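S.K.: Got a structure for you, questions after.
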Amino acid sequence: MSVFRGVAELRGAITLRSSYSDQFSGYAVVDAVASGARGGVFRHPVVRAILVAELISALGVQMTFLALPWFVYETTGSATLMGFVLAIELIPAALLGIPSALVVQRIGVRRTLLHANLWRAPLLAAVPVLYVADLLRFPVLLAIVLAVGVFNAPYLSAQRLLLPETFADDLSLVVQGNAMVESVGRLGVLLGPPLAGLAIGVLHTQNVLYINAMTFVAAYLILRWGLPARPPRVSASQDGRGLFAGARYAWANPRLRRITLAAVLFGFFFPPLLASLPVLTHVRYGGDPRIAGLLYAAWGGGALIGTLAVLPAAKRFEPLVLSAIGAVGLAIPLWLLVLELTVWQFALVLLVSGMFTPVLNAPVITLMMMLAPVNLRTKVITFILSMNLLTGPLAYALTGPVLDQWGLARLYVGVALGVSVAAGVLVTLAVKRTPPPDETVIPAPSPASR
């Protein structure tokens, strides 16, 4: 899981306000504000259903993120094969990220979410069923994981579009809802791995995968009953500029081009850290799955704390400066991982680094929304996220061979160096804050919000 993605996923935690007409083709006028609907978002029944379903789904995803690679490493003893499994799940989300928006437009956000949850459940349950029947071969496992990834691609797009559809594109309400969804996702990151670690020790790994499958069933039922049926809102021809209009615009805009570069670097160099934790636990900490769960939870707990800190920080710093602070705070602690640390020292490093993840992500998503025309906003965000995800499969595939050939210490040197370079890209962007002549100036926090 990359910083931008696990971040699932580039959801902002700053309340925004925007006014524009349906035919507006310039930049959205967005202001960072301290308050919005005064709790109205949480009172919305659709939002409550989303939050409960997201919590259950996040628990399942995070349990799977530990249980599946643990299962592969436990049954094969190969870090390389473990890395292939992690990589293969990301390939469909990366390759189908941009086209998946058309699928969502065709069948609707609600149906996309329902189908994604419904079909991922039996696919994941098939792994332990085939294993017990002695029919699970590694190519079959890769095919199952690939199929799960196919449903992940439209699910990620639908997640981003559900709140705008619910609140009729009112950005103030949409971003408040997104901040709450991100907080719930962070709670899943905090609780999921420890639960998986405990369950692996008690129930054995293959049985934990049954629990993961049931979480998708529960999320399906909640969304089935909690989301109102509505026809899909088709807008494929809204801008008339094609599927890759977001890519063209992001490449032409100097700031978005640097943000895309940073996303690619984070997406390549950060996943090996999280992917290495099962191997780290086996090599250094006695192979106890509860320790692996603790390490994942340390990262998730830090990110949850950081989510709570984003709104106050956003009142004091411009988005460019805040993103640079988050990137630097994320990168610096990672250099300590090259040392021989105890379990608690390693967990503390993950906790501190994780705290800066939402501090990085919130202003980055804000910049994407502010720097892109309203009619291209979704395509720009989808393009940058897809670029981030495209590097994930390669990073995961290389993690295993690097671990097998060079070990943990050298892997962590590469992680710290790559993430530091990505942070440097955002720092230079923050230092050079004068926008190009044809670009709208990003407003600083208003004096009233300081």
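S.K.: Only one of 303, 324, 297 is within 30 Å of residue 432 (Cβ to Cβ), touching a residue at least 40 places away in the same chain (Cβ under 8 Å) and touching a Pro at 6+ places or on another chain (Cβ under 7 Å); which?
M.R.: That would be 303, the only listed residue that is within 30 Å of residue 432 (Cβ to Cβ), touching a residue at least 40 places away in the same chain (Cβ under 8 Å) and touching a Pro at 6+ places or on another chain (Cβ under 7 Å).
S.K.: Could you check the range 365-390 and list, in sequence order, the residues that are buried (at least 23 other Cβ atoms within 10 Å of the Cβ), modelled with pLDDT of 75 or more and of a type in the set (A, V, I, L, M)?
M.R.: Within the range 365-390, 371, 372, 380, 384 meet the criteria.
S.K.: Looking at (1) modelled with pLDDT of 75 or more; (2) surrounded by fewer than 23 Cβ atoms within 10 Å (Cβ to Cβ); (3) within 24 Å of the chain's Cα centre (by Cα), find the lone condition where residue 219 falls short.
M.R.: That leaves (2) as the condition not met.
S.K.: Related question: Taking the range 50-78 as the search range and keeping residues that are touching a Gly at 6+ places or on another chain (Cβ under 8 Å) and of a type in the set (S, T, N, Q), which one is modelled with the lowest pLDDT?
M.R.: Going through the qualifying residues, I end up with 62.
S.K.: Can you work out which of the residues in the range 331-340 that are surrounded by 16 or more Cβ atoms within 10 Å (Cβ to Cβ) and not β-branched (Val, Ile, Thr) is nearest to residue 429 (Cα to Cα)?
M.R.: Looking at the filtered set, the residue picked out is 331.
S.K.: Right, here's the next one. Give me the helices (runs of 4 or more DSSP H) completely within the range 45-150, filtered to those with at least 2 residues that are among the hydroxyl-bearing types (Ser, Thr, Tyr), ordered by residue number. Steps first, please.
M.R.: Numbers: elements: 45-76, 79-95, 100-107, 109-132.
Qualifying helices (runs of 4 or more DSSP H): 45-76, 109-132.
S.K.: Continuing with the same structure: Pull up the range 384-403, narrow it to residues that are under 16 Å from residue 78 (Cα atoms) and not small (Gly, Ala, Ser), then point me to the one that is nearest to the chain's Cα centre (by Cα).
M.R.: Within the range 384-403, the match that is nearest to the chain's Cα centre (by Cα) is 396.
S.K.: Okay, next question. Condition test on residue 415, is it modelled with pLDDT of 85 or more, assigned to a helix (DSSP H, G or I), closer than 17 Å to residue 266 by Cβ and of a type in the set (Val, Ile, Thr)?
M.R.: In short, yes.
S.K.: Right, next: Please determine, by comparing only the residues of the range 34-48 that are closer than 16 Å to residue 227 by Cα and crowded, with 20+ Cβ neighbours inside 10 Å, which one is modelled with the highest pLDDT. Give the derivation first.
M.R.: Start the filter on the range 34-48 by keeping residues that are closer than 16 Å to residue 227 by Cα, which leaves 41-48.
Subset that is crowded, with 20+ Cβ neighbours inside 10 Å: 41, 47.
On the way: 41: 63, 47: 78.
Ranking the qualifying residues of the range 34-48, first place goes to 47.
S.K.: Mind checking which residues of the range 254-274 are small (Gly, Ala, Ser) and closer than 16 Å to residue 362 by Cα? Spell out how you get there, then give the answer.
M.R.: As a first pass, look at the range 254-274 and keep what is small (Gly, Ala, Ser): 262-263, 267.
Within the range 254-274, 262, 263 qualify.
S.K.: Just to be sure I understand the filter: pairs with C-beta atoms under 9 Å, separated by 6 or more residues or on different chains, first member in the range 403-429 and within 13 Å of residue 338 (Cβ to Cβ), second member among the acidic types (Asp, Glu). Which pairs pass?
M.R.: Note: pairs meeting the criteria are 409/340.
S.K.: Go through the range 263-316 and give me each residue that's crowded, with 24+ Cβ neighbours inside 10 Å and not in a helix (DSSP H, G or I).
M.R.: Those that are crowded, with 24+ Cβ neighbours inside 10 Å and not in a helix (DSSP H, G or I): 270, 276.
S.K.: Something else about it: For the range 278-290, does any single residue satisfy the condition of being more than 24 Å from residue 80 (Cβ to Cβ) and touching a Leu at 6+ places or on another chain (Cβ under 9 Å)?
M.R.: Yes, the range 278-290 contains a residue that is more than 24 Å from residue 80 (Cβ to Cβ) and touching a Leu at 6+ places or on another chain (Cβ under 9 Å).
S.K.: Please specify each residue of the range 92-107 satisfying the condition of being at pLDDT 75 or above and buried (at least 21 other Cβ atoms within 10 Å of the Cβ).
M.R.: 92
Condition check ((1) closer than 20 Å to residue 186 by Cβ; (2) surrounded by fewer than 24 Cβ atoms within 10 Å (Cβ to Cβ)) across all residues:
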site	(1), (2)
318	no, yes
322	yes, no
329	yes, yes
347	yes, yes
392	yes, no
396	no, no
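S.K.: Let me ask something else. Taking the residues in the range 243-262 that are in contact (Cβ under 8 Å) with a residue 40 or more places away in the chain and aromatic (Phe, Trp, Tyr) as candidates, determine which candidate is surrounded by the fewest Cβ atoms within 10 Å (Cβ to Cβ).
M.R.: By that ranking, first place goes to 244.
S.K.: Here is a follow-up. Pick from 268, 317: which is at pLDDT 85 or above and touching a helix residue (DSSP H, G or I) at 6+ places or on another chain (Cβ under 9 Å)?
M.R.: Working: 317 fails: at pLDDT 85 or above.
Being at pLDDT 85 or above and touching a helix residue (DSSP H, G or I) at 6+ places or on another chain (Cβ under 9 Å) holds for just one of 268, 317, which is 268.
For (1) in a helix (DSSP H, G or I); (2) without any contact (Cβ under 8 Å) to a residue 60 or more places away in the chain; (3) farther than 21 Å from residue 303 by Cα; (4) among the aliphatic types (A, V, I, L, M), each residue gets a yes or a no:
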{"position": "345", "(1), (2), (3), (4)": "yes, yes, no, no"}
{"position": "349", "(1), (2), (3), (4)": "yes, yes, no, yes"}
{"position": "354", "(1), (2), (3), (4)": "yes, yes, no, no"}
{"position": "362", "(1), (2), (3), (4)": "yes, no, no, yes"}
{"position": "365", "(1), (2), (3), (4)": "yes, no, no, yes"}
{"position": "375", "(1), (2), (3), (4)": "yes, no, yes, no"}
{"position": "385", "(1), (2), (3), (4)": "yes, no, no, yes"}
{"position": "396", "(1), (2), (3), (4)": "yes, no, yes, no"}
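The values are calculated or read from the model by the stated rules, or taken from the named source; none is laboratory data. All of these numbers come straight from a predicted model, not from anything done at the bench. FYI the Cβ positions are ideal-geometry reconstructions off the backbone, even for glycines, and counts take in every protein chain you see.
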